[in-house]
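The values are calculated or read from the model by the stated rules, or taken from the named source; none is laboratory data. From a predicted model like this one, the values you see are computed outputs, not experimental measurements. Note: ideal-geometry Cβ built from the backbone for every residue, glycine included; neighbour counts use all protein chains shown.
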């Protein structure tokens, strides 16, 4: 059975095409819940109304489905809590010149 | 955690937006090429056929054309509404292109009869645009400051059109009770400050934080900007309907200048809170453009005191003023933002459905950044060279500088078409 850690690892291959950093290091993934045949990824985006919104959530869905084809995947996009830069990993901060 | 309500399922038509963008890119190359060919005309009094033709290629064929395309792309995204009619956007495009081509040729030949006809077509296209965007925007559920600026810009575009068509008729069959050239100042400032700059400012509040990853800044100054600029434009509009200059001119100009300065302060607040400390070429262009805005604002204040200036000196300053607004402030921000917007437009169209299924490129991989940096240096040096050429009346400097601006526009065109022609990648990201 797939683990939350495996899901998080596969989400590292989902990269914000504008910023060029994966969504886990950007701190966009808030939670991963695996129950029965369902994987729920709760995540946000850096800006409400981000035009990449549909593409990134679609990417998450495709990537997780590829990891565990038998499971349903639900991407729960939320705006609360608001994303802030301190949610980024140290590597991501460095890459952005901080 | 609250699930999102945001839909984002109203992607504007790639075909429509792309058509406006490609025409605008070609328009920029045509403009810079014609500037090079007519470099010896970029001197003396500004009201002359070739300069009027060149100015309208810049304002309509390059700047307004790209704003049309950008609005068709951004209004649905930023305000979460569907474009009212793509058919109208399509019809508008062809009417505008045909009208503009005829209008520019009429200016070059100074055929006032044809000018009135083609200006009417351009006006019709603009009225279609205003109608289309207005009908889209009345369905907006969650209004924001960008929407307010865009709606106001539409109003000023309407006033610009009215003033423009009145002037075209007046050239053919004079009926103005005021001086045509004084009214031209109103037409130009409604277009520059009310239409183009208002759009730039409104869109900047949304796009600059998005691209620079800025968070936690106040947008309060943006409301003051709005108040000052509208008050200033109102005074100028009243002022230029009377034959004699009054105290309204310096006050109106000062109000707009204060509005511009507060806008720059707003940009400073946004940039200060940015997470992406390293500026890419798109944002670097944008910042230089705002520097140009500062310089042209200072020149604008200076020009209020035109009657104290020696005529030859005044002519040069007016040309430099218009040049810095069109090629400095407006063109640099457009070039910069196109390095951000066009990759997104093409990526969304070509790769959005392929994410997670096959490797897709990053936006910055869709053009050659080194070329963009070279283009940035050439364009800015050549801009400075052209200003020097106008200031010192040196034809050789003018030809060399406009030649280099043309070269930079070709590099820009090359990069833009690379983006449009981007294909998928085979081996990973």
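The table below lists the values:
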{"read-out": "Only one of B:123, B:136, B:106 that is within 21 Å of the chain's Cα centre (by Cα) and either crowded, with 16+ Cβ neighbours inside 10 Å or in a helix (DSSP H, G or I) (or both)", "value": "B:123"}
{"read-out": "Test result for residue A:82, in a loop (DSSP other than H, G, I, E, B) and more than 7 Å from chain B (Cβ to nearest Cβ)", "value": "yes"}
{"read-out": "Index of the failed condition, residue A:73 passing every other in (1) in a strand (DSSP E or B); (2) within 12 Å of another protein chain (Cβ to nearest Cβ); (3) under 12 Å from the mean Cα position of the chain (by Cα)", "value": "(3)"}
{"read-out": "Matching residues in segment A:87-98 - criterion: being facing another protein chain (nearest Cβ under 10 Å) and within 16 Å of the chain's Cα centre (by Cα)", "value": "A:88, A:92"}
{"read-out": "Restricting segment A:7-20 to residues that are more than 10 Å from chain B (Cβ to nearest Cβ) and surrounded by 19 or more Cβ atoms within 10 Å (Cβ to Cβ), the residue that is nearest to the chain's Cα centre (by Cα)", "value": "A:11"}
{"read-out": "Segment A:36-49 - residue that is part of a loop (DSSP other than H, G, I, E, B) and within 7 Å of another protein chain (Cβ to nearest Cβ) and, of those, surrounded by the fewest Cβ atoms within 10 Å (Cβ to Cβ)", "value": "A:48"}
{"read-out": "Members of segment B:181-220 that are surrounded by fewer than 21 Cβ atoms within 10 Å (Cβ to Cβ), over 29 Å from residue B:339 (Cβ atoms) and in contact (Cβ under 8 Å) with a residue 24 or more places away in the chain", "value": "B:181, B:182, B:183, B:184, B:185, B:187"}
{"read-out": "Residue match in segment A:50-57 (condition: more than 8 Å from every other protein chain (Cβ to nearest Cβ), buried (at least 20 other Cβ atoms within 10 Å of the Cβ) and either free of Cβ contacts under 8 Å to residues at least 24 places away in the same chain or at positive phi (or both))", "value": "yes"}
{"read-out": "Condition check for residue B:65: closer than 22 Å to residue B:378 by Cα and either surrounded by 24 or more Cβ atoms within 10 Å (Cβ to Cβ) or touching a helix residue (DSSP H, G or I) at 6+ places or on another chain (Cβ under 6 Å) (or both)", "value": "no"}
{"read-out": "Residue in segment B:166-180 that is assigned to a helix (DSSP H, G or I), in contact (Cβ under 8 Å) with a residue 12 or more places away in the chain and within 27 Å of residue B:83 (Cβ to Cβ) present", "value": "no"}
{"read-out": "Out of B:374, B:419, B:405, sole residue that is modelled with pLDDT of 95 or more, within 14 Å of chain A (Cβ to nearest Cβ) and either in contact with a helix residue (DSSP H, G or I) (Cβ under 8 Å, 6 or more places away or on another chain) or not in a loop (DSSP other than H, G, I, E, B) (or both)", "value": "B:419"}
{"read-out": "Filter pass, residue B:252 being closer than 27 Å to residue B:373 by Cβ and either at pLDDT 95 or above or assigned to a helix (DSSP H, G or I) (or both)", "value": "no"}
{"read-out": "Some residue of segment B:158-165 being on the phi < 0 side of the Ramachandran plot, assigned by TED's automatic domain parsing to the domain that holds residue B:264 and surrounded by fewer than 21 Cβ atoms within 10 Å (Cβ to Cβ)", "value": "no"}
{"read-out": "Number of the exception - residue B:61 against (1) within 28 Å of residue B:332 (Cα to Cα); (2) within 14 Å of chain A (Cβ to nearest Cβ)", "value": "(2)"}
{"read-out": "Residue in segment B:331-338 that is within 14 Å of chain A (Cβ to nearest Cβ) and surrounded by 17 or more Cβ atoms within 10 Å (Cβ to Cβ) present", "value": "yes"}
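This table checks each residue for (1) closer than 25 Å to residue B:13 by Cβ; (2) surrounded by fewer than 18 Cβ atoms within 10 Å (Cβ to Cβ).
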{"position": "B:349", "(1), (2)": "yes, yes"}
{"position": "B:367", "(1), (2)": "yes, no"}
{"position": "B:375", "(1), (2)": "no, no"}
{"position": "B:388", "(1), (2)": "no, yes"}
{"position": "B:396", "(1), (2)": "no, yes"}
{"position": "B:415", "(1), (2)": "yes, no"}
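Quick grid of which residues meet (1) under 23 Å from the mean Cα position of the chain (by Cα); (2) assigned by TED's automatic domain parsing to the domain that holds residue B:230:
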| site | (1), (2) |
| --- | --- |
| B:148 | yes, no |
| B:152 | yes, no |
| B:170 | no, no |
| B:185 | yes, yes |
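Yes/no matrix, rows are residues, columns are (1) farther than 30 Å from residue B:182 by Cβ; (2) buried (at least 20 other Cβ atoms within 10 Å of the Cβ); (3) at pLDDT 95 or above:
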position: B:265; (1), (2), (3): yes, no, yes
position: B:270; (1), (2), (3): yes, yes, yes
position: B:274; (1), (2), (3): yes, yes, no
position: B:278; (1), (2), (3): yes, no, no
position: B:282; (1), (2), (3): yes, yes, yes
position: B:292; (1), (2), (3): no, yes, yes
position: B:298; (1), (2), (3): no, no, yes
